[in-house]
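Please treat every number below as a calculation from the coordinates, not as lab data. Predicted model, so just to flag it, every value in this text is computed and none were measured. We place every Cβ from the backbone using ideal geometry, glycine too, and count neighbours over all the protein chains shown.
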Amino acid sequence: MRGDQTTTGSGARDALVAELRRLEDRLQHTQAELLAMGGAALPGLHLLVDAGGARGLVPSARVSEVVRLVATTPLAGAPPQVLGTFVCRGAPVLAVDLAAVLGVTREPPLDAQIVILAGALRVGVVVDRIERLIDGPRLFEGDAAGRTHAAWSGSGLVAGLCVDRGEVLPLVDPGPLIARLAERAA
């Protein structure tokens, strides 16, 4: 009977993981639709992060928690932006250096933070610092050429642009990063 419970539990877990992935895709699609519609502000709280001098907004709805930088266990054959894995609340997390993803070469500072993203694949994005929370950032309208850090342009992580205190900031969509990591792990 115990074996049946394990199989049933595993099937239920797989179904929940599939549902979580479906919801993550729907959230990403809905956010893209909102951005396309324009408007004065993007609803919700967003973390203003800095990674190697590149600042951006991460939707708090995509964040599970934030922890201090911890030691990681390296993964053989991992790309250079993957720092390794660590355990948080009993589950493994893959630590990825956002600055390295953006092509910025530097060692994360000792007081760096890891933004653990909500999702089926537990990914923690290492940032130099979280500056503050921004509630409902205004969407940017106009020519964005040269208004954001050049590293964002080829990253595939920018879902749109917002403006805060006169600064144009990319809205970071971690979905493509997570998808690339999931493909590599498969």
If I model a spin label at Ser60 and Val87 as a point 7 Å from the Cα along the Cα→Cβ vector, what separation in nanometres do I get? 3.1 nm
Evaluate the distance, in nm, between pseudo-label points positioned 7 Å from the Cα of Glu141 and of Arg26 along their respective Cα→Cβ axes. 3.1 nm
Average silhouette area of region 76-186, convex hull of alpha-carbon atoms, in square nanometres: 8.3 nm²
